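The values are calculated or read from the model by the stated rules, or taken from the named source; none is laboratory data. The structure presented is a predicted model; accordingly, all values stated were derived computationally and were not measured. Because the Cβ atoms are built from the backbone with ideal geometry, glycine has one as well, and the counts that use them run over all protein chains shown.
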Amino acid sequence: MIELKVVRADPDRVRESQRRRGEDPTLVDALLQADEVNRGAGAAFDRLRNEQKELGRQIGPLQGKAKGADAAAVAELEGLMARAKDLSDAVKVAEDERDTADAETQRLMLALSNIIELDAPVGGEEDFVVLQEVGTPRDFAAEGFEPRDHLELGTLLGAIDVERAAKVSGARFYYLIGNGALLEFALINLAISQAVAHGLTPVIPPVLVNPPAMEGTGFLGQAAENVYRVELDDMYLVGTSEVALAAYHSDEILDAAKLPLRYSGFSTCFRREAGTYGKDTRGIIRVHQFDKVEMFSFCHPDDAVAEHQRLLAWEREFLDSIEVPYRVIDVASGDLGSSAARKFDCEAWVPTQGKYREVTSTSNCTEFQARRLSIRMREDGVVRPVATLNGTLCAIPRIIVAILENHQQADGSVNIPFALRPYLGGREKFEPIS
């Protein structure tokens with residue numbers, strides 16, 4: 001969440017962020033009003049509680065005198081006891097009013113999205129800015145054949161089976177078998193090897209998390225419709241290992257001298273894909289379950305912008321290694337998600353669609369998630385929140401799509417990128433099964 005003193009000190013900045021996101025700027029005014037009520041209710045409670053304590057100090061000595069049948073002491077004690085009862089009732093009312101006001105303030109704070117970086121382009125999903133294009137899409141017409149899409153290739157190679165997955169689990173599920181399973185394992189090994197080489201600690205996190213972890217990372221707000229909830233246990237299936245990785249240090253105070261702490265998590269991810277029916281229904285581009293290697297960093301807030309560029313560079317290194325054309329985009333303000341202040345996506349070229357599709361994403365969430373999860377650092381005796389950043393290193397299904405379609409040959413075989421060959425026993429290509 002945003003620090004409340006920032007909202008108090010510069011509400012116009014927060015309103016402008018809300019407008020650029022396409023969200024309600026009046027939420028800032030509602031929060032400021034609730035904060036004022038909350039502070040007033042807190043002050044009223046404190047005043048009455050102090051009066052109650054002072055009255056208690058006066059009653060103690062009088063109780064001893066009253067036992068000695070001092071009539072004046074008895075009368076005074078009775079008056080004070082009556083006042084004490086009235087005060088007790090008033091304190092209870094004031095406490096309820098304070099708690100209600102505090103709960104409303106917290107509710108509004110959780111509803112407010114992170115403050116965006118002003119350099120982020122303004123607009124919706126299609127208003128991104130292309131920062132760079134890498135590689136040149138193949139001219140299949142010049143090569144003399146029509147490219148097959150990833151599902152046809154996956155079937156030829158004995159790598160992807162969506163028909164049996166639909167029988168077992170329904171639409172938007174898939175089996176990776178044979179060459180498909182081997183390709184996933186190779187991609188995981190390549191991604192983790194690269195992450196470890198850059199000093200990230202590999203992690204296999206839980207995929208079931210509790211509500212505080214999910215809410216703390218911002219996935220129970222705008223993204224809630226895409227979350228799978230296990231109602232019987234009040235747990236959630238993660239849509240990304242970012243959730244479990246972010247919550248790993250929740251309620252902890254980290255040593256600033258040891259930052260950044262960088263992790264690379266491999267997990268299965270689950271997304272309902274609500275509201276996307278009719279989009280990408282063929283193949284494995286948009287599915288309900290997939291595996292992913294995710295990077296996550298806890299760093300000093302002053303280093304967050306540089307760390308963001310570092311994560312992006314590692315994503316690009318991975319894409320360079322699998323030899324597919326891609327582009328880097330600066331995501332527009334209305335498509336950032338509630339936690340991100342800035343986001344860069346890498347999109348791989350998909351030949352049969354004639355367009356680029358997102359395969360990796362990296363977000364700078366500044367101190368937004370850390371405040372929600374109470375992740376702080378101690379520096380020179382001062383305790384303050386850290387910054388958190390995340391970046392997808394390898395989203396398996398879409399990377400498989402990019403590899404199959406961009407490296408396919410006229411006979412249905414698929415050349416294996418050089419970087420993956422050591423993890424596939426030195427094989428140079430996947431051949432169609434007989």
Q: Would you tally the residues in the range 116-138 being closer than 14 Å to THR352 by Cβ and of a type in the set (D, E, K, R)?
A: 1
Q: List every residue pair whose Cβ atoms lie under 6 Å apart, where the two residues are 6 or more positions apart in sequence or sit on different chains, the first residue falls within the range 15-42 and is outside the structural domain of ALA101 (by TED's automatic domain parsing), and the second residue, located anywhere, is assigned to a helix (DSSP H, G or I).
A: none
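Say we look at the range 227-259 and pick out the residues that are in a strand (DSSP E or B) and without any contact (Cβ under 8 Å) to a residue 24 or more places away in the chain; which of these is farthest from VAL287 (Cα to Cα)?
Applying the first criterion (in a strand (DSSP E or B)) to the range 227-259 yields 228-230, 235-237, 252-255.
Those left that are additionally without any contact (Cβ under 8 Å) to a residue 24 or more places away in the chain: 229-230.
Values: ARG229: 17, VAL230: 19 Å.
Here the residue is VAL230.
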Q) Does at least one position in the range 347-362 carry a residue that is assigned to a helix (DSSP H, G or I) and of a type in the set (Asp, Glu)? A) no
Q) Can you find a residue in the range 108-118 that is outside the structural domain of GLN309 (by TED's automatic domain parsing), surrounded by fewer than 12 Cβ atoms within 10 Å (Cβ to Cβ), at pLDDT below 95 and over 30 Å from ILE177 (Cβ atoms)? A) no
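Determine which member of the set ASP330, ASP302, ASP345 is surrounded by fewer than 20 Cβ atoms within 10 Å (Cβ to Cβ) and either touching a residue at least 12 places away in the same chain (Cβ under 8 Å) or polar (S, T, N, Q) (or both). It would help to see each step written out before you state the result.
Details: ASP302 fails: either touching a residue at least 12 places away in the same chain (Cβ under 8 Å) or polar (S, T, N, Q) (or both); ASP345 fails: surrounded by fewer than 20 Cβ atoms within 10 Å (Cβ to Cβ).
Exactly one residue qualifies, and that residue is ASP330.
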Q) On the given criteria, is ASN50 at pLDDT 80 or above, exposed (fewer than 13 other Cβ atoms within 10 Å of the Cβ), out of contact with any Cys (no Cβ under 8 Å at 6 or more places or on another chain) and in a helix (DSSP H, G or I)? A) yes
Q) If you take the residues of the range 220-238 that are crowded, with 17+ Cβ neighbours inside 10 Å and β-branched (Val, Ile, Thr), which of them is modelled with the lowest pLDDT? A) VAL227
Q. Can you tell me which of ARG372, ARG376 is farther than 11 Å from THR217 by Cβ and either assigned by TED's automatic domain parsing to the domain that holds ASP303 or in contact with a Gly (Cβ under 6 Å, 6 or more places away or on another chain) (or both)?
A. ARG376
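Yes or no: the range 123-138 includes at least one residue that is among the small types (Gly, Ala, Ser), more than 22 Å from SER413 (Cα to Cα) and in contact (Cβ under 8 Å) with a residue 60 or more places away in the chain.
The first filter runs over the range 123-138 and keeps only residues among the small types (Gly, Ala, Ser), leaving 123-124, 135.
Subsequent filtering for residues that are more than 22 Å from SER413 (Cα to Cα) retains 123-124.
Next, from what is left, pick out any that are in contact (Cβ under 8 Å) with a residue 60 or more places away in the chain: 123-124.
Scanning the range 123-138, I find at least one residue that is among the small types (Gly, Ala, Ser), more than 22 Å from SER413 (Cα to Cα) and in contact (Cβ under 8 Å) with a residue 60 or more places away in the chain, so the answer is yes.
Of the residues ARG357, ARG376, ARG384, which single one is closer than 23 Å to SER338 by Cβ, surrounded by 17 or more Cβ atoms within 10 Å (Cβ to Cβ) and of a type in the set (Lys, Arg)? Even if it seems obvious, please write down each step before you answer.
Values: ARG357 fails: closer than 23 Å to SER338 by Cβ; ARG384 fails: surrounded by 17 or more Cβ atoms within 10 Å (Cβ to Cβ).
Just one listed residue meets the conditions, ARG376.
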**Q.** When residues of the range 192-219 are limited to those that are surrounded by 15 or more Cβ atoms within 10 Å (Cβ to Cβ) and touching an Asp or Glu at 6+ places or on another chain (Cβ under 7 Å), the one nearest to PRO422 (Cα to Cα)
**A.** GLN194
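May I ask you to say which residue of ARG262, ARG272 is of a type in the set (Lys, Arg) and in a loop (DSSP other than H, G, I, E, B)?
Working: ARG262 fails: in a loop (DSSP other than H, G, I, E, B).
Criteria check complete, one pass: ARG272.
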Q. Can you tell me how many residues in the range 133-148 are exposed (fewer than 14 other Cβ atoms within 10 Å of the Cβ) and at positive phi?
A. 1
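If you check ALA224 against the conditions, is it farther than 24 Å from ARG421 by Cβ, of a type in the set (A, V, I, L, M) and assigned by TED's automatic domain parsing to the domain that holds ILE285? Show your work before the answer.
Numbers: farther than 24 Å from ARG421 by Cβ: yes; of a type in the set (A, V, I, L, M): yes; assigned by TED's automatic domain parsing to the domain that holds ILE285: yes.
Criteria met by ALA224.
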Q. Does GLY180 fit the bill of being at pLDDT 95 or above and not assigned by TED's automatic domain parsing to the domain that holds PRO351?
A. no
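Can you pull out every residue in the range 89-128 that is small (Gly, Ala, Ser) and under 19 Å from the mean Cα position of the chain (by Cα)?
Taking the range 89-128 first, the residues small (Gly, Ala, Ser) are 90, 94, 101, 103, 111, 113, 120, 123-124.
ALA111, SER113, ALA120, listed by residue number.
Could we say that LEU259 is in contact with a Leu (Cβ under 7 Å, 6 or more places away or on another chain) and either surrounded by 15 or more Cβ atoms within 10 Å (Cβ to Cβ) or more than 27 Å from ASP320 (Cα to Cα) (or both) here?
Judged against the criteria, LEU259 is not a match.
Would you confirm, using the coordinates I've provided, whether ARG286 is crowded, with 16+ Cβ neighbours inside 10 Å, among the basic types (Lys, Arg) and modelled with pLDDT of 95 or more? Give the derivation first.
Working: crowded, with 16+ Cβ neighbours inside 10 Å: yes; among the basic types (Lys, Arg): yes; modelled with pLDDT of 95 or more: no.
The answer is no for ARG286.
Among the residues of the range 182-202, are any over 25 Å from GLU242 (Cβ atoms) and not in a loop (DSSP other than H, G, I, E, B)?
Let us first name the residues in the range 182-202 that are over 25 Å from GLU242 (Cβ atoms), namely 182.
Right, trim to not in a loop (DSSP other than H, G, I, E, B) and you get 182.
There is at least one residue in the range 182-202 that is over 25 Å from GLU242 (Cβ atoms) and not in a loop (DSSP other than H, G, I, E, B).
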